[in-house]
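Q: Here's a structure for you.
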Amino acid sequence: MLTVYTYKDYAKSYTELIEILKHFSKSDLAKIPKNIIFKYIKYRDINYVFSYNPKLSLKSQNVSKLTKILIANLYIDYFTTETEYKNIQDSDF
């Protein structure tokens with residue numbers, strides 16, 4: 001079944017993602033293009049409050065599925081090695 005996410009879903013996920021990115025090292029943040037991060041900031045839900053604790057799992061903090069998808073996409077696009085990227089492309093998801 002295909003899930004369709006709304007603008008509000010994305011806005012809340014961007015808010016969650018920004019909070020999570022605050023815990024990335026400067027070197028890891030530098031791997032993500034600034035225009036991508038600025039998009040998250042621009043389109044976030046400024047009324048949604050989310051606190052992230054890096055000592056706890058994403059699951060225990062009620063991070064949305066969409067935010068987890070966005071994190072996975074960031075990982076694939078900016079953190080994987082060429083071999084990992086090829087393995088992902090060749091997988092049968």
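The values are calculated or read from the model by the stated rules, or taken from the named source; none is laboratory data. Everything numeric here is computed off the predicted structure, so don't read it as measured data. Here Cβ is always computed from backbone atoms with ideal geometry, including for glycine, and neighbour counts include all displayed protein chains. Areas reflect the complete protein model, heavy atoms only, side chains present, ligands, DNA and RNA absent. Shrake-Rupley method; radii C 1.70, N 1.55, O 1.52, S 1.80 Å.
Q: Whole number in Å², please: accessible area per residue of the chain, 1.4 Å probe, ligands, DNA and RNA not counted.
A: 77
Q: If r is the Cβ-Cβ distance from residue 55 to residue 78 and R0 is 22 Å, what FRET efficiency results, to the nearest 0.05?
A: E between residue 55 and residue 78, to the nearest 0.05, is 0.35.
Q: Carbon and sulfur together cover what percent of the accessible area of the chain at a 1.4 Å probe radius?
A: On the chain, the fraction of accessible area on carbon and sulfur atoms equals 56 percent.
Q: In addition: Among (i) 7.2; (ii) 8.5; (iii) 6.4, which one is mean projected area of the Cα convex hull in nm² computed from these coordinates?
A: (i)
Q: Let me ask something additional. In whole Hz and in residue order, list the ³J(HN,Hα) couplings for segment 45-53 that follow from phi through the Karplus curve 6.51 cos²θ - 1.76 cosθ + 1.60, θ = phi - 60°; x for Gly and Pro.
A: Ordered by residue, 3J(HN,Hα) equals 8, 6, 9, 8, 9, 9, 10, 10, 10 Hz.
Q: Also, I was wondering about something else. Looking only at 39, 22, 55, which one moves most when the chain is put into a Gaussian network model with springs between Cα atoms under 10 Å?
A: 55
Q: Based on the mean of other Cβ atoms within 10 Å per residue, sort peptides 24-35, 56-67 so the most packed one is first.
A: Ranked by mean Cβ neighbours within 10 Å, highest first: 56-67, 24-35.
Q: Probe 1.4 Å, all protein chains in place: accessible area of residue 88 in Å², nearest 10?
A: About 50 Å², rounded to the nearest 10.
Q: How large is the helix-only mean residue ellipticity at 222 nm for the chain, computed as the sum of -39500 (n - 2.57) over DSSP H runs with n ≥ 4, divided by its residue count, in deg cm²/dmol to the nearest 500? Working shown, then result.
A: Working: 5 runs with 51 residues, N = 93.
Taken over the chain, the calculation gives -16000 deg cm²/dmol.
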